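Notes to accompany the following structure.
The values are calculated or read from the model by the stated rules, or taken from the named source; none is laboratory data. Just so we're clear, the structure is a prediction, and the values are computed from it rather than from any experiment. Neighbour counts run over all protein chains shown; Cβ positions are idealised from the backbone, glycine included.
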């Protein structure tokens, strides 16, 4: 009898701990105010660059794309905000490509409140009423497969002053979210790439870009 009682208490304690962790995770998610991207950068950036002037270029298949024209406006605006200047006769050509893919990730779901449910029982001492929340808590959290999307941006720069002109910068930003939409994520992905431009070549790092404010960088790690 006592062993069963302690086992029940142990199970209840575990459920309560799980519930507390779930609430903490939900609170942190509610307070999130950054957009994170994983960046991989390779470059041979010229040692002496005066004005960082540029023009946008399009690859085959991008010339007549309305979507690419929309994204191009976003990339151009972020470049200008980072100190680049668009000119007819620039030092650099800037091109980019993008895409998204669907995948599934295991996540924890939570049932909505109320979490307490009263019920009545009868014991040897006569009828009595008591409250129990063991059943609702056992159904509070559950595992589920959640559809997500990986959004990828590739940015390249070509030095027109080199003889012959050559590529001097290539970088990729990868961002994950619940929608394949690139429009809302693209400004933050470009901003992450330009946060410490050109950055250390041959490294992968994570950069969190505040929804309002300056990017926050984590430690970089070299590509193996």
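What about residue 205, is it under 11 Å from residue 39 (Cβ atoms), within 14 Å of the chain's Cα centre (by Cα) and at pLDDT 70 or above?
When the stated conditions are applied, residue 205 passes them.
A residue that is loosely packed, with under 11 Cβ neighbours inside 10 Å and under 17 Å from residue 158 (Cβ atoms) occurs nowhere in the range 69-87.
Of all the residues in the range 154-187, those that are at pLDDT below 95, under 22 Å from residue 43 (Cβ atoms) and in contact with a strand residue (DSSP E or B) (Cβ under 6 Å, 6 or more places away or on another chain) number 1. Given the criterion surrounded by 12 or more Cβ atoms within 10 Å (Cβ to Cβ), modelled with pLDDT under 95 and more than 24 Å from residue 191 (Cα to Cα), identify the matching residue among 100, 132. Of the residues listed, the single one that is surrounded by 12 or more Cβ atoms within 10 Å (Cβ to Cβ), modelled with pLDDT under 95 and more than 24 Å from residue 191 (Cα to Cα) is 132.
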